[in-house]
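The values are calculated or read from the model by the stated rules, or taken from the named source; none is laboratory data. If you're wondering where the values come from, they're calculated on a predicted model, not measured in any experiment. Counting neighbours? That spans all protein chains shown, and the Cβs are built from the backbone with ideal geometry, glycine included.
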C-alpha cells in the first residue's frame, strides 16, 4: 500500500503558473508522499514527449512511483466515426502512460446531459461503451497496463453501473478507479457503494465532501448532486463522509494498491492537500 497525491489536487497552482507539474511532484515528495498520480490538467502531454520524460525522470529521482495516468474520454458523443476517433485518441494516451512508466491508467467512458442519464439510455449505450473499453484494455495489455473507469460524471457513477460495465468488458486488466466520495454525486451511500466496487478497484481516490440537504442553499462554492443535495469539496477527514469506515472497508477487502489524495476544496490547495495527506496517513495507520 502506498499513499500519495494526484497532481489534480494542485491544478489551480499549475494553471496560474505558480507551480509546474515538476514542482508539484517535488512538493509531493517533500510531504513524504509515496507516489504521484498524473492528471494532465493545466498541462498537456500529447505531442510532448519531453515533458513526459521529464516527469518520469523527476519521479525516479525523488523515489516516487508514478501510480496512475488519468484522462477524460467519451465514447457516446457522436456517431460511430466519432467513437472510433475517440478510441484512437485514447490509444495514444496508453502510449503516453507507458512512456511515463505508469502501470495503471484511468480513462472516462461516457458522459450524457442530465435528461439522458436514464437506465434506458445506459442499456442502449452499454455495448458500445464496453466494446471501446475492451479494445483499449487489450491494447494496454501489451504494455502490462491495467485500464479503468472512474465513478464520476453522473452517467457511469453509481456503483451498479460501474460493476455492470466492468463485467461487460470482461477483461482482467479493466477495473475501476474507485473515488470514495464521488458516489454522493448520484446520491448513493458511499459506504455501501465502496463495499460493492472494492473488489474491482485498481486505484483508489481518497476524497471528502461537505454535505447539506437540498432544501437549504449554502451559497458560493457548492454544487449539487443529481437529486439536489449540496456538496462541497473538503479537506480529507474534515468533511461529512465517513472516510474512516470506508478506509476500513478497503483495508479489510484486501485492497493493497495506491491511495491517491484528491483535494477539491475552497481552502488554499497547498494547505488542503498537506493536511488531507497527513489525515489520510494517520487514519490509515489507525484502522
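Would segment 53-71 turn up any residue that is over 24 Å from residue 1 (Cβ atoms), touching a strand residue (DSSP E or B) at 6+ places or on another chain (Cβ under 8 Å), at pLDDT 95 or above and crowded, with 18+ Cβ neighbours inside 10 Å?
yes
Test each condition in (1) without any contact (Cβ under 8 Å) to a residue 40 or more places away in the chain; (2) closer than 30 Å to residue 127 by Cβ; (3) surrounded by fewer than 16 Cβ atoms within 10 Å (Cβ to Cβ) for residue 91 and report the one that comes out false.
Of (1) without any contact (Cβ under 8 Å) to a residue 40 or more places away in the chain; (2) closer than 30 Å to residue 127 by Cβ; (3) surrounded by fewer than 16 Cβ atoms within 10 Å (Cβ to Cβ), only one is false for residue 91: (1).
Go through (1) over 27 Å from residue 59 (Cβ atoms); (2) surrounded by 15 or more Cβ atoms within 10 Å (Cβ to Cβ); (3) in contact with a helix residue (DSSP H, G or I) (Cβ under 9 Å, 6 or more places away or on another chain) for residue 111 and report which single condition fails.
Every condition holds for residue 111 apart from (3).
For residues that are more than 11 Å from residue 133 (Cβ to Cβ) and under 14 Å from the mean Cα position of the chain (by Cα), tally how many sit in segment 160-175.
1
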